Each structure stands twice: as structure tokens, then as C-alpha cells.
Amino acid sequence: MTVSREFSESAIKSVLQGKDPGELAVQLQMRTVDEFPLPPSLPRESVADQPSQETRLRILEGQGIRFEYLTGRKRVEDPGVFQSHIENYIGIAQLPVGAIGPLRINGVHAHGDFYVPLATSEGALIASYNRGAKIASLSGGVRAFCLTERVSRAPGFLFADLIQAGEFIVWVIRHFENLREEAQKTTTHGHLEDMKVTLEGNHVFLHFEYTTGDAAGQNMVTIATEAACRFIVAKCPVKPKLWFVESNMSGDKKATALSFLSVRGKKVIAETVIPRNLIKRMLHTTPEMMMEYWKMSFVGGVQTGSIGVQGHYANGLAAMFIACGQDAACVAEASVGLTRLDLDDNGDLYISVSLHNLIVGTIGGGTGLPTQKECLAMLGCTGSGSARKFAEICAAVALAGEISIMGALSSGQFTQAHIKYGRKTKK
């Protein structure tokens, strides 16, 4: 058994993917719009008529993005496409999809200008994220870095007493390689990397940690863990009175303090520096006022017992997850994170987001469904080799949302924005 370290040698090699530090530094450099012009912006976001939709589609298609199912040009004729995704199928809940961007990302895996699809029924959300994307892009883009990844499952075992529990732990640790072999038999993409042990009275919790390739991996790690546990029960001389494949200790689809002790899914950090003049011109406030708001919001978050402190990661992540075929319930843990602001030596605003639990994938799950596949293709994130790229885009979108909402709150325009975009006018 190995000890998990966020910056272990194997983790660093995996992140770098053969790049030397110098090459990586070049890739993460900000790209100014003077030197690298942005692709065309989409028409004014508040207009939802057909001509505006067609103009947006022409712009996107001019960038090589194609839609059929998303626009209704093509319909799903055979409900069999939803097999294994739904039970007792009766129809489709239609949710509008909007696009933000171009959002410039200078990531290790996501590098370029992206139009990002978001599915939501909340007025003002697309406009807000679009504004944040524009500001970040005009600032040179968002630097994004997928640091590490793990997906966990935590089975629990009950014994007669503490002595049996201790003997069980000794046996399990000694046979970790056997458990890895059993888990490996169930999957081609997953790999059992590590195991942590927690003893509580006569309870033993085993925290299995996997890498899952380009799949989100929730089902994958459950099946692999079940196989490992059955091997334990069959071979271990100390038999548990009972056991469960999940003990509610993995943090699955919950906001937990565990998020800041390890990682579940992918951990991604994104940052940018927004020039003072851009904040004044586009957010109608100052870096100092945004800092004051952030300090108060941080204290407010601490007082309410918030796990992590941020503005509204869940808004952008939920919209992105639904559009791109992710498990939407995972937003409960994916939205745990930290937003931090600071003033640099020039008086410009530094802002970063840290997301510790991005459970995302580009294969399996809902990623192969018709409209979801088109949305992933819009980002260049279909199939194998794209999951870390998608995770970096998620973090950049979360950062764009933080820029906009903090700007709106610190300038006193938050309420008016929701009146303008989120309330229907009387006819």
C-alpha cells in the first residue's frame, strides 16, 4: 500500500504528460487580445427570438461547431438510445441551452477560446457567466491546472469487538496488492491506487481510491470495490458480522470536510488577473470594493459553517453538467471549493478558484446521449483523452461566474440584473 500525496512523483508526471516545466510555463501564459484576437462574440444574450438564435448558430458553426439534435433539426426517433440511462421512460424534459464565450483558457489540457454550453431555466445566469467570460478573456484568459484525480468508495465492516477489528486491519493492509488485483478484474479504465483505513470502535472503514481514466467512474469504483470486499470476506480469517459496500464516508454527492483533506474526482485550480481599468469599465466598481465584498462574504460563509467559501459554483457547474451529460447530483460535492481575491503590486485584481471534487468524465454515463454529445463536441471534449480538459473548462467557467457575481454585488447591480434578465415582463 502506498501513501497518497497530492504532488507525488507519479501524479506530477501524469499532470505534465511529458512536458518539461519550461514548455508548461509557455502553455499557461496569458494571451492578450491585442496579440491573439478573440473569436466573434455572440449577439446580445437577452434576446431569445429566432433571428438571434440563427445568428448565434451561424457564429458557432463558423467556428466548426455543428448541431443537429440540440437545435431540433433532428429528433430522437428510437427511445432505445436512453436504455441504461432511465427506467420507466415516458419522455424528455426540455431545458433551454445557452452558450457563453468565447472564454479564453490557458490550461495544461484546455488551451484555446471556448464557447461553453449551459443548460438552465434561471434568467440572468447565462448573462452573468457570459460577462465574466468576456472580462476574463479580455484580461488575457484563465490559467487552469488539473492537479490530481481520485474517485473513492468507502466500504464499512462491523466486528464483535476492537480486537477483531484490529486483526482485520492488519490482514487487509498486508493483502492490499490482492485487493488491487481483484478490483482490476472488473474494469479496463479503473485502477485502485491507494487505501486509507479508519477504525471507530468495532467499525472498520476502508477508503479505496481509484483513478478512472476519462470516465467519471462512480459505477466503476462501486463494482470494483464490491469485488475487493467479496475477496476480503472470502479469504480473511477474521470474518465481519456484516459489511456494506459504501459506509457514507466517501463523500459521494455530499458537501463534506473530506474535500479539503484529499480529492474526489479531479482537483483543478484556475486564476486570472483583471486590470483595474477593466473592472471600472465593465463591472462599474473597483478592485478595492470587490476585495471588501469578498472579505465580508468569507466571514459570512465561516459563520454559517460553509464547507468552502465561494459565490455560486453550483450555478455554472449544474448548468454545464446537465448540458454535457454529467451526473447532475455530483454538483453537491463538485461545488465545494474556495474563491480567493487579492490585489497585486499594480493594483489589479487577482482572483482564483480551487475546486477539489470535480466528478466529471467524457466517456460513459450520459456523455453519449444525442444533445449531450453535441455539447461535449462543442468543447472538443468527446471520447478518451478529454476528461482533464473538460475539468479545466469547468473550473474556468466557475471563475467567470465568480468574477461577475462579485462585481454585481460590489457595484450594487445584483438586484437590477435579476429584474432585467430573470423576471418576465407583462404583456
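The values are calculated or read from the model by the stated rules, or taken from the named source; none is laboratory data. Since this is a predicted model, take the numbers as computed values, not measurements. All Cβ positions, glycine included, derive from the backbone under ideal geometry; neighbour counts span all protein chains shown.
Out of Val331, Val299, I need the residue that is crowded, with 22+ Cβ neighbours inside 10 Å and modelled with pLDDT of 95 or more. Which one?
Val331
Out of Thr212, Thr188, I need the residue that is within 27 Å of Lys254 (Cβ to Cβ) and β-branched (Val, Ile, Thr). Which one?
Criteria check complete, one pass: Thr212.
Pick from Gly316, Gly308, Gly325: which is in contact with a helix residue (DSSP H, G or I) (Cβ under 8 Å, 6 or more places away or on another chain), on the phi > 0 side of the Ramachandran plot, modelled with pLDDT of 95 or more and buried (at least 18 other Cβ atoms within 10 Å of the Cβ)?
Gly325
Do we have any residue at all in the range 368-387 that's in contact with a Ser or Thr (Cβ under 7 Å, 6 or more places away or on another chain), closer than 30 Å to Tyr293 by Cβ and touching a residue at least 40 places away in the same chain (Cβ under 8 Å)?
no
Which numbered condition in (1) of a type in the set (D, E, K, R); (2) assigned by TED's automatic domain parsing to the domain that holds Leu379; (3) surrounded by 12 or more Cβ atoms within 10 Å (Cβ to Cβ) is the only one that Glu23 fails?
Every condition holds for Glu23 apart from (3).
Anything in the range 33-51 that is surrounded by 11 or more Cβ atoms within 10 Å (Cβ to Cβ), aliphatic (A, V, I, L, M) and farther than 17 Å from Val142 by Cα? List them, or say none.
Of everything in the range 33-51, those that are surrounded by 11 or more Cβ atoms within 10 Å (Cβ to Cβ), aliphatic (A, V, I, L, M) and farther than 17 Å from Val142 by Cα turn out to be Leu42, Val47.
Given the criterion in the same structural domain as Ser297 (by TED's automatic domain parsing), at pLDDT 90 or above and more than 24 Å from the chain's Cα centre (by Cα), identify the matching residue among Ser404, Ser384, Ser411.
Ser411
If you go through the range 42-56 one residue at a time, how many are in contact (Cβ under 8 Å) with a residue 60 or more places away in the chain and among the charged types (D, E, K, R)?
The number of residues fulfilling the criteria is 1.
With the structure loaded, tell me whether Gly98 is under 18 Å from Gln27 (Cα atoms) and either in a strand (DSSP E or B) or modelled with pLDDT of 95 or more (or both) or whether it fails that test.
No, not satisfied.
Regarding the range 149-162, can at least one residue be identified that is without any contact (Cβ under 8 Å) to a residue 24 or more places away in the chain and not assigned by TED's automatic domain parsing to the domain that holds Cys330?
Checked against the condition, which is being without any contact (Cβ under 8 Å) to a residue 24 or more places away in the chain and not assigned by TED's automatic domain parsing to the domain that holds Cys330, the range 149-162 yields no hits at all.
Criterion first (within 17 Å of the chain's Cα centre (by Cα), outside any loop (DSSP other than H, G, I, E, B) and surrounded by fewer than 21 Cβ atoms within 10 Å (Cβ to Cβ)) does Ile269 satisfy it?
Spelling it out, Ile269 is indeed within 17 Å of the chain's Cα centre (by Cα), outside any loop (DSSP other than H, G, I, E, B) and surrounded by fewer than 21 Cβ atoms within 10 Å (Cβ to Cβ).
Would you say Arg66 is surrounded by fewer than 12 Cβ atoms within 10 Å (Cβ to Cβ), closer than 30 Å to Leu138 by Cβ, among the basic types (Lys, Arg) and not assigned by TED's automatic domain parsing to the domain that holds Ser386?
When the stated conditions are applied, Arg66 does not pass them.
Considering only the range 300-329, how many residues are assigned to a loop (DSSP other than H, G, I, E, B), among the small types (Gly, Ala, Ser), out of contact with any Phe, Trp or Tyr (no Cβ under 8 Å at 6 or more places or on another chain) and in contact (Cβ under 8 Å) with a residue 12 or more places away in the chain?
Residues in the range 300-329 being assigned to a loop (DSSP other than H, G, I, E, B), among the small types (Gly, Ala, Ser), out of contact with any Phe, Trp or Tyr (no Cβ under 8 Å at 6 or more places or on another chain) and in contact (Cβ under 8 Å) with a residue 12 or more places away in the chain: 2 in total.
Which of the residues that make up the range 136-166 are out of contact with any helix residue (DSSP H, G or I) (no Cβ under 6 Å at 6 or more places or on another chain) and of a type in the set (Lys, Arg)?
Once the filter is applied, which keeps residues that are out of contact with any helix residue (DSSP H, G or I) (no Cβ under 6 Å at 6 or more places or on another chain) and of a type in the set (Lys, Arg), the range 136-166 yields Arg143, Arg150.
So if I check each of Ala329, Ala314, Ala323, which one is under 15 Å from the mean Cα position of the chain (by Cα) and over 17 Å from Ile393 (Cβ atoms)?
None of the other options fit; the residue is Ala329.
For the range 334-367, name all the residues that are surrounded by fewer than 17 Cβ atoms within 10 Å (Cβ to Cβ) and either in a helix (DSSP H, G or I) or of a type in the set (Phe, Trp, Tyr) (or both).
Passing the criteria: only Tyr350.
Can you find even one residue in the range 362-371 that is under 30 Å from Thr188 (Cα atoms) and within 14 Å of the chain's Cα centre (by Cα)?
Yes, there is a match, as at least one residue in the range 362-371 is under 30 Å from Thr188 (Cα atoms) and within 14 Å of the chain's Cα centre (by Cα).
Could you tell me which of the residues Ile92, Ile86, Ile105 is assigned by TED's automatic domain parsing to the domain that holds Leu24 and either hydrophobic (A, V, I, L, M, F, W, C) or under 21 Å from Ala318 (Cα atoms) (or both)?
It is Ile105.
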